[in-house]
1. Compute the long axis of helix 31-68 from its Cα atoms, compare it with the longest principal axis of the Cα atoms of the chain, and write down the angle in degrees, 0 to 90, nearest 10.
2. Take the Cα pairs of region 2-68, get the Kirkwood Rh, then feed it into Stokes-Einstein at 37 °C and 0.692 mPa s and tell me D in µm²/s.
3. Going by average Cβ neighbours within 10 Å, how do the peptides 38-48, 14-24 rank, with the highest at the top?
4. Among the lysines, which have Cα under 23 Å from the Cα of residue 16 when same-chain residues fewer than 8 positions away are ignored?
Amino acid sequence: MVEKVCQKLSMSSVAKACIVYQELQHKKTLCIDFLIPLAEQLTGYGKERAKNRFRQTIIIESQSIVHCW
């Protein structure tokens, strides 16, 4: 149930973003042509954040191990 609500909210946000993009670019594009690059950018952003968090976790763990000795 919560997943469906989140999906509807995210699609609503995408539709609004697509409208804003069209107004700024002064051209009509299909929503799917807007959605695919957006999704690719967001997954790339998410992967990069996950890598950074993983690195931070390793650094924090390695520092705590050093301080224990």
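1. For 31-68 against the chain, the angle is about 10 degrees.
2. On the way: Rh = 14.9 Å.
Diffusion coefficient, whole number: 221 µm²/s.
3. 14-24, 38-48
4. List returned: 4, 8, 27, 28.
Every number here is computed from the coordinates shown, using simple stated rules; none is lab data. Since this is a predicted model, take the numbers as computed values, not measurements. Reconstructed Cβ throughout: ideal geometry from the backbone, glycine too, with neighbour counts over all protein chains shown.
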